[in-house]
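I have placed the structure first, in the form of structure tokens, so that the comments after it can refer back to it.
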């Protein structure tokens, strides 16, 4: 928070960003827990995905997204993208005067609470896996934990295509997850906001004894904790509003996004991050 | 060409751009046919893919790529990306003072030459399919042709992941291509530069009686024709040089790109399109 003392208005919105539609699974959990908050979501759909891009590029994009939300007067920023959380959180915290929550730490906490054997699997984009962020976060909480990582690059396009059941996603999951099954992990972190849509096939491959950890719920709880601790919960009895900003065509976002958000998306506006 | 008269140097390089690595399949064919040309390739890897993005965004990105190559003094520009060719060719031709070749027209010409029944299938990204560019180009050459289009969004990530053989790509191809088989097309245009890597499974699904048209070869022939007609073929007996520019990390590009280029990639440099 850069050493400054900044006072926030409890009626100010919470800002949430992701590379595309995936972060809507996080926003959905936040909306469920905090029905009175105003929420502004930014999906960087003109430059999606982040998960296959380099740290430098992800940091550059994440910073522009965070700035765009900050100038709208948000009281808290949720980085609802695992790759951006893994690579850019320190840079964002150094640069911006708002409290910032990523999805990696809440996911790591939930995994450590869930595991009995201490063997934890983490699946994510190539970027998230390469960053080592989950491994660091888990071992800070549980130094003896053994963490096994696996990148699953096809899961994002499968989820966006809506192929979340049937033989293609099942065989892909089987191929990606074989090594983690062999390692007998008892907990698997779904380290990408798209993956909860594939929970069915992932659970089928891993079997009933493996707990699947979805960072979205944990991140929503962390959001409530931080707002509450700061006295910034909005509770004036009226439901909060949702606003969606995207960097590419709003109509495409509304179409794909509805699957992630669970209802049709209204109030989707285009913003330019490279004016 | 904007009405200007511009004189080009036959020793100037040919510029080629794509959203990422896919256009290397086109550059490879150009290198094969024109061993003495200097070639500069630009892969917009920081913003890849284009195929799922809107026309406005693709035109904006394609224009920046084309400008970046034009200032390096190219004598000809090859738009080695189907989505950019489908959406942006007119805008680029209006804006830039170099001759410009896309991949759609050469692909359409090859399809019309190949078909006997007049029933032509075209597969591509959602953007290429939505644009209607192949249908227009084919029907201009063969007004009675019947054109059947199919978007195959998972083919690009499958090719980039290197999953080009085995059950996952086969089942995906089966699902995407079923309708085109029912229509009994006798020719199928691989309307995305990534798809030649999946030629094996696509051919297996479509069967031996369907000709697969790969725009890359056709585009290389068109490049030679245009340079030759303009007296701009470089033929001083020495082999041409290759230079690769990318907007994201050069190392990642070298890794994935080698599969598309057929050899290890040397001379890969980073460029910033948003200075």
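A few points about this structure:
- Hits in the stretch B:182-229 - residues which are in a loop (DSSP other than H, G, I, E, B) and in contact (Cβ under 8 Å) with a residue 24 or more places away in the chain: B:183, B:184, B:185, B:186, B:191, B:192, B:193, B:194, B:207, B:210
- Complete set of residues in the stretch B:11-21 that are surrounded by 24 or more Cβ atoms within 10 Å (Cβ to Cβ) and more than 14 Å from chain A (Cβ to nearest Cβ): B:14, B:15, B:16, B:17, B:18
- Some residue of the stretch A:108-126 being assigned to a loop (DSSP other than H, G, I, E, B), in contact with a helix residue (DSSP H, G or I) (Cβ under 8 Å, 6 or more places away or on another chain) and on the phi > 0 side of the Ramachandran plot: no
- Verdict on residue B:250 being touching a helix residue (DSSP H, G or I) at 6+ places or on another chain (Cβ under 6 Å) and in the same structural domain as residue B:81 (by TED's automatic domain parsing): no
- The one condition in (1) part of a loop (DSSP other than H, G, I, E, B); (2) at pLDDT 95 or above that residue A:97 fails to fulfil: (2)
- Only one of the numbered conditions (1) in the same structural domain as residue B:210 (by TED's automatic domain parsing); (2) crowded, with 17+ Cβ neighbours inside 10 Å; (3) in a loop (DSSP other than H, G, I, E, B) is not met by residue B:135, and that is (3).
- Matching residues, the stretch A:166-181, being over 11 Å from residue A:150 (Cβ atoms) and either assigned to a helix (DSSP H, G or I) or more than 10 Å from chain B (Cβ to nearest Cβ) (or both): A:167, A:168, A:169, A:170, A:171, A:172, A:174
- Considering the stretch B:149-165, and only residues there that are outside any loop (DSSP other than H, G, I, E, B) and facing chain A (nearest Cβ under 10 Å), the residue that is farthest from residue A:166 (Cα to Cα) turns out to be B:160.
- Scanning the stretch A:29-58 for residues that are buried (at least 18 other Cβ atoms within 10 Å of the Cβ) and either more than 17 Å from residue A:12 (Cα to Cα) or within 14 Å of another protein chain (Cβ to nearest Cβ) (or both) yields a count of 15.
- Filter result (more than 14 Å from every other protein chain (Cβ to nearest Cβ) and either over 21 Å from residue B:32 (Cβ atoms) or not in a loop (DSSP other than H, G, I, E, B) (or both)) within the stretch B:230-247: B:231, B:242, B:243, B:244, B:245
- Unmet requirement for residue A:62, which otherwise passes all of (1) free of Cβ contacts under 8 Å to residues at least 60 places away in the same chain; (2) assigned by TED's automatic domain parsing to the domain that holds residue A:249; (3) closer than 21 Å to residue A:228 by Cβ: (3)
- Test for residue A:73: is it away from chain B (no Cβ under 14 Å), out of contact with any helix residue (DSSP H, G or I) (no Cβ under 7 Å at 6 or more places or on another chain) and part of a loop (DSSP other than H, G, I, E, B): yes
- Residues located in the stretch A:248-267, provided they are in contact with a strand residue (DSSP E or B) (Cβ under 7 Å, 6 or more places away or on another chain), within 13 Å of chain B (Cβ to nearest Cβ) and over 26 Å from residue A:199 (Cβ atoms): A:250
The values are calculated or read from the model by the stated rules, or taken from the named source; none is laboratory data. These figures come from a predicted structure and were not determined experimentally. In this analysis, Cβ positions are derived from the backbone assuming ideal geometry, glycine residues included, and neighbour counts consider all displayed protein chains.
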